[in-house]
Amino acid sequence: MNKTTHLLLTTLLGMTLASTALAGKTRNVVLIISDGLRPEEMFTGVEEDLLNEKNGGNWTSEKELRARYWDPDPKVRRMLLFPFIWNTIATKGQLLGNAQLGSQAQVANGLAFSYPGYNEMSSGMPDPRINSNEFGPNPNQTVFEWLSHQPGFAGKVEIFGTWNTFHDIFNESRSHLPIRAGVNLVDATDHSPRGQLLEELYKTTTLLEDKDPPDSFLTVSVLDHLKTHRPRVMFVGYGDTDSWAHQGRYDLVVDTAHHFDAAVAALWNRMQSIPEYKDKTTFILTADHGRGHGLVEWKEHGVEESGSENIWIAIIGPDTPPLGERQNVASVTQSQLAATIAALLGEDYRKAEPRAAAPLLDVLAAP
Ligand SMILES: [Zn+2]
């Protein structure tokens, strides 16, 4: 072996080691959002002051809400609200964002509403140009679009969500990503009895903003899709937690949050029953923004409502050490999620987009 060959081999070996160090065991990643679900509820369960008609609205009586979700101990309370997240993710994975324990997770976009948040988490950086939910097609490439062009990912990256605006956020006409969101969430080409029933229900359901079906349509659509497809990367965006909060309906926010937890459990359990996904799949759960505090500001979010910048991140998968609820750990931002998704799959998103924030893997690995 001459010197040049030796150097070449050493370099190649170094590159292989570097990329396998990142690759780990994860072959598939699912990013799941509960829009505007606050860290308050995630880490301390339901807020007592909002469980009544005056501050939170009620179809469900305060007595019944308390029977479902109340306990004086916040650790029990949060488990009543999110049994899968606190029984399974918190024991086999990690949660970031409990500021009271010295773990901070925030949005970096300074606006704390939806489009800026979804752009930040999926492109890897905030973009001050995106200052409205009606911004239109996203000028930024997202990690989903980028991954779909990497070897092994063609046709394997898919977007699902209740919010029709995801067609813009993931720039459908440029990215050519398969996007099933809002008006086309339900698969109109499925003519099976089940598909026809779902279509019938969709057509006869009152849609939010005339375009967005309720969360339940999303869970069924994704689970059905997995019967015939094996995406390696999925975005799954739930919207009802934000919608009910804007309506001032805390009783429905907490029921919806509870349903979100069950939907994540159903998706996790289904995917763990499929060989291509079992023990090779990482779930990342988060919110696009937080909300305000107190008896009124919890309903809204943005620059006016302080606290809206705070989010939470939950992660479970074969490359995430089971460190549970993290304490006294480095502060993280939503913008780190894009590179994290790529790094878990052994891909370096920052090589293509150097402005993207660093992946979270160091934080997740640190005891
Ligand atoms: Zn909102």
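Just so it is clear, none of the values below were taken in a lab; they were calculated from the coordinates. This one's a predicted model, so the numbers in the text were calculated from it and none came from an experiment. Glycine also receives a Cβ, built like all others from the backbone with ideal geometry; neighbour counts cover every protein chain displayed.
Quick rundown of the values:
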{"quantity": "Subset of region 99-131 that is more than 16 Å from the ligand (Cβ to nearest atom) and buried (at least 24 other Cβ atoms within 10 Å of the Cβ) - its residue that is farthest from T162 (Cα to Cα)", "calculated": "S103"}
{"quantity": "Flag if L218 is within 16 Å of the ligand (Cβ to nearest atom), crowded, with 19+ Cβ neighbours inside 10 Å and of a type in the set (A, V, I, L, M)", "calculated": "no"}
{"quantity": "Strands (runs of 3 or more DSSP E) wholly inside region 231-318 that include at least 2 residues being within 30 Å of Q150 (Cβ to Cβ) and within 16 Å of the ligand (Cβ to nearest atom)", "calculated": "233-238"}
{"quantity": "Unmet requirement for M121, which otherwise passes all of (1) over 18 Å from the mean Cα position of the chain (by Cα); (2) not in a loop (DSSP other than H, G, I, E, B)", "calculated": "(1)"}
{"quantity": "Filter result for V222 (of a type in the set (V, I, T) and closer than 30 Å to E297 by Cα)", "calculated": "no"}
{"quantity": "Residue list for region 258-288, restricted to those being in contact with a strand residue (DSSP E or B) (Cβ under 8 Å, 6 or more places away or on another chain), of a type outside the set (A, V, I, L, M) and touching a residue at least 12 places away in the same chain (Cβ under 8 Å)", "calculated": "F260, W268, E276, Y277, K280, T281, T282, F283, T286, D288"}
{"quantity": "Unmet requirement for I169, which otherwise passes all of (1) touching a helix residue (DSSP H, G or I) at 6+ places or on another chain (Cβ under 6 Å); (2) within 24 Å of T228 (Cα to Cα); (3) among the β-branched types (V, I, T)", "calculated": "(2)"}
{"quantity": "Cβ pairs under 8 Å, 6+ apart, first in region 35-55 and without any contact (Cβ under 8 Å) to a residue 60 or more places away in the chain and more than 19 Å from S306 (Cα to Cα), second among the acidic types (D, E) and surrounded by fewer than 23 Cβ atoms within 10 Å (Cβ to Cβ)", "calculated": "G45/D71; N52/E62; E53/E62"}
{"quantity": "Residue pairs meeting the criteria (Cβ under 6 Å; at least 6 apart or on separate chains; first on the phi > 0 side of the Ramachandran plot, in region 235-257; second among the basic types (K, R))", "calculated": "G248/K299"}
{"quantity": "Selection from region 198-234 of residues that are free of Cβ contacts under 8 Å to residues at least 40 places away in the same chain and not hydrophobic (A, V, I, L, M, F, W, C)", "calculated": "E199, E200, Y202, K203, T204, T205, T206, D210, D224, K227, T228"}
{"quantity": "Given (1) buried (at least 19 other Cβ atoms within 10 Å of the Cβ); (2) touching a helix residue (DSSP H, G or I) at 6+ places or on another chain (Cβ under 6 Å), index of the condition F153 fails", "calculated": "(1)"}
